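Take a look at the structure below.
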Amino acid sequence: MATVALSIAGSDPSGGAGIQADLKTFHQFGVYGEAVLTLITVQNTQRVSRVEPLHADLVAEQLRAVLDDIPPNAAKIGALGSIEVVEAVAKLAKSFQFPLVVDPVMISKHGGRLLPPKGEEVLKHKLLPLAFLVTPNIPEAESLTGMKIRNEEEMAIAGDRILAFGCHAVLVKGGHLPGEPNDILRWPASPPLPFLDRSPYSGSRVPTKHTHGTGCTYSAAITAALALGKTLPEAILVSRQYVQNAIETAPKLGNGMGPVNHFADVAARMNFRQTSCVAAD
């Protein structure tokens with residue numbers, strides 16, 4: 001049978017982020033992608049000029065239609081757009097029988113708000129407790145915890161504070177800090193903070209402005225790997241390398257912050273092909 005991954009997120013007409021990036025990433029991992037649209041944006045590589053959330057009932061109907069007919073092996077949530085949509089998705093997510101990755105997208109890379117400030121509390125208390133993995137970047141982790149994050153130790157502390165909302169695991173992404181872009185995973189197997197080892201989820205910083213859609217692509221890759229049956233550490237490692245490759249080979253499209261390369265190679269591709277959606281009937 002086909003391996004299926006679901007994205008519940010907004011649309012980026014320039015194709016670099018949101019639903020478009022997620023579906024490209026799913027395809028690159030050999031996974032059949034489904035998409036429930038939550039909001040429409042007017043944006044390109046230079047700006048976000050309009051954000052229009054869809055009605056919560058319409059989002060819920062899309063999601064029920066997918067779950068009833070082609071239930072996924074894993075799902076991810078990106079930008080939701082409104083408090084009502086967060087509540088509607090959270091209500092349905094209570095019945096999910098598959099891993100849920102929540103990328104708490106609140107503000108776009110260009111500064112456009114994708115969730116009203118009051119929606120953050122609803123996100124924290126109604127949706128994050130249902131997540132298998134939450135993947136905040138530094139600004140998102142600071143917003144969720146109310147603390148300043150300046151180093152890896154504080155990333156770990158923030159991750160533990162987000163864990164306290166009830167999710168299974170948190171991956172705090174360090175790309176906004178100086179130095180190499182290291183990520184910190186906090187989950188039940190994490191070492192105590194005083195003995196925190198250097199993160200194995202590390203990369204090399206690339207001198208480029210073409211990083212549009214990095215967060216969406218990363219969380220989508222993890223979702224695809226989880227759908228294929230990979231453990232959480234395995235899923236993060238292969239996804240981290242995929243994103244590194246995607247940034248290094250970005251096609252340099254547009255006049256602003258261009259998209260990453262969704263055609264980038266997936267590490268250990270042969271392992272993924274064995275269980276991908278192209279398997280014989």
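General remarks:
- Checking each residue in segment 125-149 for being open to solvent by less than 50 Å² (accessible area, probe 1.4 Å) and assigned to a loop (DSSP other than H, G, I, E, B) picks out A131, T135, P136, M147, I149.
- Residue within segment 162-183 that is within 24 Å of G146 (Cα to Cα), open to solvent by less than 20 Å² (accessible area, probe 1.4 Å), in contact with an Asp or Glu (Cβ under 7 Å, 6 or more places away or on another chain) and hydrophobic (A, V, I, L, M, F, W, C) present: yes
- Qualifying residue in segment 152-160 (condition: surrounded by fewer than 19 Cβ atoms within 10 Å (Cβ to Cβ), within 19 Å of V86 (Cα to Cα) and either touching a residue at least 60 places away in the same chain (Cβ under 8 Å) or within 19 Å of the chain's Cα centre (by Cα) (or both)): no
- Of residues in segment 153-193 being among the charged types (D, E, K, R) and in contact with a strand residue (DSSP E or B) (Cβ under 6 Å, 6 or more places away or on another chain), the one farthest from L237 (Cα to Cα): D160
- Residue list for segment 61-86, restricted to those being under 20 Å from the mean Cα position of the chain (by Cα) and among the small types (G, A, S): A74, A75, G78, A79, G81, S82
- Some residue of segment 213-236 being outside any helix (DSSP H, G or I), crowded, with 18+ Cβ neighbours inside 10 Å and at pLDDT below 95: yes
- Comparison of V89, V85, V66, V51 shows that the only residue that is part of a helix (DSSP H, G or I), open to solvent by 10 Å² or more (accessible area, probe 1.4 Å) and touching a residue at least 40 places away in the same chain (Cβ under 8 Å) is V66.
The values are calculated or read from the model by the stated rules, or taken from the named source; none is laboratory data. These numbers come from a predicted model, not from an experiment. Glycine also receives a Cβ, built like all others from the backbone with ideal geometry; neighbour counts cover every protein chain displayed. The area values use the complete protein model at the heavy-atom level, side chains included, leaving out ligands, DNA and RNA. Shrake-Rupley method; radii C 1.70, N 1.55, O 1.52, S 1.80 Å.
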